[in-house]
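Below: one structure, written as structure tokens.
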Amino acid sequence: FNWVLDNLKIKNDWILRLDADEYLTEELKEEIDVIIRPPQDPRPCGGRNINGYYIKRRVYFMGRWIKHGAYYPVWFLRLFRKGKGRSEQREMDEHLVLLEGRVGKLKNDFVDDNKKYLTWWTEKHNNYASREAMAISNFKFQISNLGGQAGRKRWLKNNFYYRLPLFYRAFAYFIYRYFLRLGFLDGKEGLIFHFLHAFWYRFLIDAKIYEKQKV
């Protein structure tokens, strides 16, 4: 992503990052249209003094919107002025960061709705688990100026979650997500998602760390 920013001749004043399985709601399209109007446009514009915007992600899993379990709303910096944003250089969990200026929040959501089967999802997260386990084992907790909700979550992960005992922390995280943060309200699809994402995936990371420690 940074290579694109550095090497392609981007003509637009604003850049929006979307993955292949993501799309904008109609309400968000209209909201962004107001933000990115050029200065000469006489209509009201909301982005004159702001260089970037956080947007809420709405995740669908097996066709169901995952609304609970601390998984919504989750905010990401996705819209920024050209030259004012950049991606972190990290093994895992990289985010866009604003280099300078003020940041705002948009009201409407973008949607993450991957249509691939569960086998693809588990294979992808098995790969993610290997990368995160390697980063943890090598103490690769790069520091950046990541702010907002993502910055707070990363601080909690690095300074609290990873200080808990191996394996037990995966149980604790699932209980927190599924029971305390009401993940059970997401139905059967939510049970599958929160179990796999909050327990299986986190337990797998710990298992890979443990395996590496035994070598």
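Once whole DSSP H runs in the chain are found, which of them have Cα atoms spread over 24 Å or more along the helix axis and a mean Kyte-Doolittle score of at least -1.0?
118-137
Can you tell me which of 197-204, 7-14 comes out highest on packing, and rank the rest after it, using the mean Cβ neighbours within 10 Å?
My ranking of the peptides, most packed first, is 197-204, 7-14.
Size of the dipole of the chain about the Cα centre, Lys and Arg at +1 and Asp and Glu at -1 on the beta carbon, nothing else charged, in debye to 20? All intermediate terms of the calculation are to be shown ahead of the outcome.
Details: 39 positive and 25 negative charges, 111 e Å.
Dipole magnitude for the chain comes out near 540 debye.
How much of E123 can a 1.4 Å solvent probe reach, expressed as accessible area in Å² and rounded to 10?
Surface accessible to solvent at E123 totals approximately 110 Å².
Could you work out how much longer the chain between V4 and E88 gets when fully extended? Use 0.36 nm per residue separation minus the Cα distance between them, nm to one decimal.
Between V4 and E88, full extension yields 28.9 nm more.
Once you order the gyration tensor axes a ≥ b ≥ c over the Cα atoms, which shape class does the stretch 48-96 get: rounded for a/c under 1.5, otherwise prolate or oblate by comparing a/b with b/c? Each step should come with its number before you reach the end.
Details: a/c = 3.06, a/b = 1.68, b/c = 1.82.
Oblate.
At 1.4 Å probe size, with the rest of the protein present, what percent of the exposed accessible area of the chain is carbon and sulfur atoms? Walk me through the intermediate numbers first.
Details: 7340 of 12970 Å².
So the carbon and sulfur contribution to the accessible surface is 57 percent.
Please list, ordered by chain and number, the residues whose modelled amide H lies under 5 Å from the amide H of N114; skip anything fewer than 5 residues away on the same chain.
Y60
Quick one: Karplus J couplings for the stretch 3-19, per residue in order, coefficients 6.51, -1.76, 1.60, θ = phi - 60°, nearest Hz, x for Gly and Pro?
4, 4, 4, 7, 10, 8, 8, 7, 8, 6, 7, 10, 10, 10, 9, 9, 7
Looking at the chain as a GNM with Cα springs under 10 Å, which of A129, A170, A20 has the largest mean-square fluctuation?
In the Gaussian network model the winner is A20.
When the C-alpha atoms of the chain are aligned to their principal axes, what extent does each axis show, in angstrom, from largest down?
Sorted largest first, the three principal extents are 63, 38, 28 Å.
Which of D186, D21, D112 moves most in a GNM of the chain, Cα contacts under 10 Å?
The residue that fluctuates most here is D21.
Per DSSP helix of 4 or more residues, -39500 (n - 2.57); summed, then divided by the residues of the chain. What does that give at 222 nm, rounded to the nearest 500?
On the way: 7 runs with 78 residues, N = 215.
Dividing the helical sum by the residues of the chain leaves -11000 deg cm²/dmol.
Considering the chain as a Gaussian network with a 10 Å cut-off on Cα pairs, which listed residue, I66, I205, I36, attains the greatest mean-square fluctuation?
Result: I36 has the largest fluctuation of those listed.
Once amide H atoms are placed 1.01 Å from N in the peptide plane, what residues at a sequence separation of 5 or more from R78, or on another chain, have their amide H within under 5 Å of its amide H?
Long-range HN contacts for R78: Y53, I55.
Pop out the ³J(HN,Hα) list for the stretch 56-69 in order, Karplus 6.51 cos²θ - 1.76 cosθ + 1.60 with θ = phi - 60°, rounded to Hz; leave Gly and Pro as x.
After applying 6.51 cos²θ - 1.76 cosθ + 1.60, I find 6, 9, 10, 9, 10, 10, 6, x, 10, 6, 8, 9, 10, x Hz.
Rounded, prolate or oblate: pick one for the stretch 130-215, where a ≥ b ≥ c are the square roots of the eigenvalues of its C-alpha gyration tensor, a/c under 1.5 means rounded, and failing that, prolate if a/b is larger than b/c, else oblate.
oblate
The values are calculated or read from the model by the stated rules, or taken from the named source; none is laboratory data. Just so it is clear, the model here is predicted, and its values are computed rather than measured. Here the Cβ is made from the backbone with ideal geometry for all residues, glycine too, and neighbour counts use every protein chain on show. For the accessible areas, the whole protein counts, side chains as well, though only heavy atoms, and no ligand, DNA or RNA atoms are used. Shrake-Rupley method; radii C 1.70, N 1.55, O 1.52, S 1.80 Å.
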